[in-house]
Amino acid sequence: MTDSLIDRVRERLASESAPLRPKVVADAIRAESGGVLGDTELLSNLRILQTELTGAGILEPLLCADGTTDVLVTAPDAVWVDDGTGLRRSRIEFADEAAVRRLAQRLALSAGRRLDDAQPWVDGQLTGLGVGGFAVRLHAVLPPVAMGGTCLSLRVLRPATQDLSALIAAGAIAPTAAGLIDEIITARLAFLVSGGTGAGKTTLLSAMLNAVSPDERIICVEDAAELAPPHPHLVKLVARCANVEGVGEVTVRQLVRQALRMRPDRIVVGEVRGAEVVDLLAALNTGHDGGAGTVHANNPGEVPARLEALGALGGLDRDALHSQLAAAVQVLLHVARDRSGRRRLSEIAMLRQSAGRVRAATVWHADRGPTDELAELRRLLQDRTRP
């Protein structure tokens with residue numbers, strides 16, 4: 001099948017309002033080829049066109065594989081996949097740079113975004129891709145911004161449904177930390193789960209929310225729908241990006257404010273990544289104990305500085321941020337990958353204020369066990385659980 005025929009068929013199908021079923025694509029191939037193709041050639045070309053025009057193209061098998069979290073394209077012959085054990089290079093290759101660009105632009109269009117020379121990057125969300133039709137977060141950058149060629153990043157947003165017992169059985173949570181986590185939840189301490197990209201922050205947060213008492217109402221605000229604990233009283237609010245006309249945006253910060261009016265027992269922000277930290281801390285300081293969220297950080301000690309930067313986006317100065325943080329959040333749970341690439345809870349820390357600044361004090365470490373600071377956390381837990 002020639003490139004010119006592919007282009008002509010693509011243009012014909014672009015005007016179709018009906019779904020691109022095999023018959024529709026086959027009819028378009030016959031029309032644009034002048035009816036000279038035999039049945040064997042038609043079937044072969046149909047497979048090529050379906051790969052070109054539907055789903056994630058040649059990346060679909062990777063997205064459909066069990067356990068896939070990320071598929072990354074850095075060059076036509078460099079397609080990488082992460083299935084939970086770290087990145088590895090796959091055997092899949094694109095024909096050329098133009099094929100990568102076409103796929104990136106088609107996926108951007110499916111997400112309601114623009115991707116061209118005037119707008120050389122895109123960030124959006126796709127639905128119906130991958131195993132189970134999970135949502136997929138799309139990011140793409142075109143040359144010359146991406147000097148080596150079109151870069152495409154696809155993250156499978158699998159609903160986080162595992163409970164704490166499953167994580168313990170999988171080795172993600174050490175048995176010595178499991179009891180402490182139960183106490184933190186029961187005492188309604190506010191906590192943040194920190195860690196790097198793909199370290200398992202959402203998975204741990206979802207498992208902890210599943211352990212919350214069923215008579216508590218949880219209002220969960222997310223940038224993309226990932227949290228899915230089977231809790232009987234979970235209300236989910238999901239942010240929305242602006243459409244191609246630049247209207248219709250609903251931000252996480254707006255949704256946090258709406259959550260306050262929905263009679264929450266616990267307010268949860270799936271990922272604190274912007275000015276919404278101001279509203280979350282304010283909410284946790286207005287009688288909403290047991291709130292939670294996740295935040296990107298390399299270790300617990302860096303979380304206060306990370307929140308400082310995010311608070312500045314919302315107009316909160318350093319002193320005010322530390323004052324709000326000290327009163328709002330008590331515990332940090334840090335997740336990371338071990339040397340084998342396995343995700344695990346690596347550290348539990350307590351936030352303490354000293355000389356006007358909040359610092360993280362480690363109370364338990366996956367490699368070293370409990371520390372002397374654990375006694376202070378025990379006292380706090382006892383105070384919170386007294387009748």
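Criterion applied to Ile181, Ile168, Ile173, Ile185 was being hydrophobic (A, V, I, L, M, F, W, C), in the same structural domain as Arg339 (by the TED database) and free of Cβ contacts under 8 Å to residues at least 24 places away in the same chain, and the one residue passing it is Ile168. Residues in the range 111-127 that are more than 16 Å from Leu63 (Cα to Cα), crowded, with 18+ Cβ neighbours inside 10 Å and out of contact with any Phe, Trp or Tyr (no Cβ under 9 Å at 6 or more places or on another chain): Ala111, Arg113, Val122, Gly124. Only one of the listed residues (Ala283, Ala292, Ala275) is small (Gly, Ala, Ser) and within 17 Å of the chain's Cα centre (by Cα). That residue is Ala292. Of all positions in the range 160-167, at least one carries a residue that is outside any strand (DSSP E or B) and over 21 Å from the mean Cα position of the chain (by Cα). I'd like to check something: does the range 72-82 contain any residue that is part of a helix (DSSP H, G or I), over 22 Å from the mean Cα position of the chain (by Cα) and free of Cβ contacts under 8 Å to residues at least 24 places away in the same chain? No, there is no match, as no residue in the range 72-82 is part of a helix (DSSP H, G or I), over 22 Å from the mean Cα position of the chain (by Cα) and free of Cβ contacts under 8 Å to residues at least 24 places away in the same chain.
Scanning the range 211-235 for residues that are crowded, with 16+ Cβ neighbours inside 10 Å and assigned to a strand (DSSP E or B) yields a total of 7. For Ser90, indicate whether it is more than 30 Å from Val238 (Cα to Cα), touching a strand residue (DSSP E or B) at 6+ places or on another chain (Cβ under 6 Å) and of a type in the set (S, T, N, Q). In short, yes.
Are any of the residues in the range 237-245 in contact with an Asp or Glu (Cβ under 7 Å, 6 or more places away or on another chain), in a loop (DSSP other than H, G, I, E, B) and closer than 17 Å to Gly270 by Cβ? Within the range 237-245, one or more residues are in contact with an Asp or Glu (Cβ under 7 Å, 6 or more places away or on another chain), in a loop (DSSP other than H, G, I, E, B) and closer than 17 Å to Gly270 by Cβ. Count of the range 370-387 residues, restricted to those that are outside any loop (DSSP other than H, G, I, E, B) and either over 15 Å from Ile181 (Cβ atoms) or charged (D, E, K, R) (or both), is 7.
Conditions (1) on the phi > 0 side of the Ramachandran plot; (2) modelled with pLDDT of 90 or more; (3) of a type outside the set (Asp, Glu), marked per residue:
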position: Arg273; (1), (2), (3): no, no, yes
position: Ala283; (1), (2), (3): no, no, yes
position: Gly287; (1), (2), (3): yes, no, yes
position: Thr294; (1), (2), (3): no, yes, yes
position: Glu302; (1), (2), (3): no, yes, no
position: Leu307; (1), (2), (3): no, yes, yes
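Look at (1) of a type in the set (Gly, Ala, Ser); (2) touching a helix residue (DSSP H, G or I) at 6+ places or on another chain (Cβ under 7 Å); (3) closer than 18 Å to Asn285 by Cβ and you find that Gly369 fails only one, number (3).
Select from the range 83-104 the residues that are in contact (Cβ under 8 Å) with a residue 12 or more places away in the chain and not in a loop (DSSP other than H, G, I, E, B) and write down the one among them that is farthest from Val136 (Cα to Cα). So the residue we want is Glu97.
Of the strands (runs of 3 or more DSSP E) lying entirely inside the range 247-345, those containing at least 1 residues that are small (Gly, Ala, Ser) and in the same structural domain as Leu234 (by the TED database) are 292-296, 331-337.
Taking the criterion of being charged (D, E, K, R) and in contact (Cβ under 8 Å) with a residue 40 or more places away in the chain, the residues of the range 344-387 that qualify are Arg344, Glu347, Arg357, Arg359, Arg384. Filtered by the rule that a residue be under 17 Å from the mean Cα position of the chain (by Cα), among the polar types (S, T, N, Q) and modelled with pLDDT of 90 or more, the range 205-256 gives a lone residue, Ser206.
The values are calculated or read from the model by the stated rules, or taken from the named source; none is laboratory data. A quick note: this is a predicted structure, and the numbers were derived from the prediction, not measured. Reconstructed Cβ throughout: ideal geometry from the backbone, glycine too, with neighbour counts over all protein chains shown.
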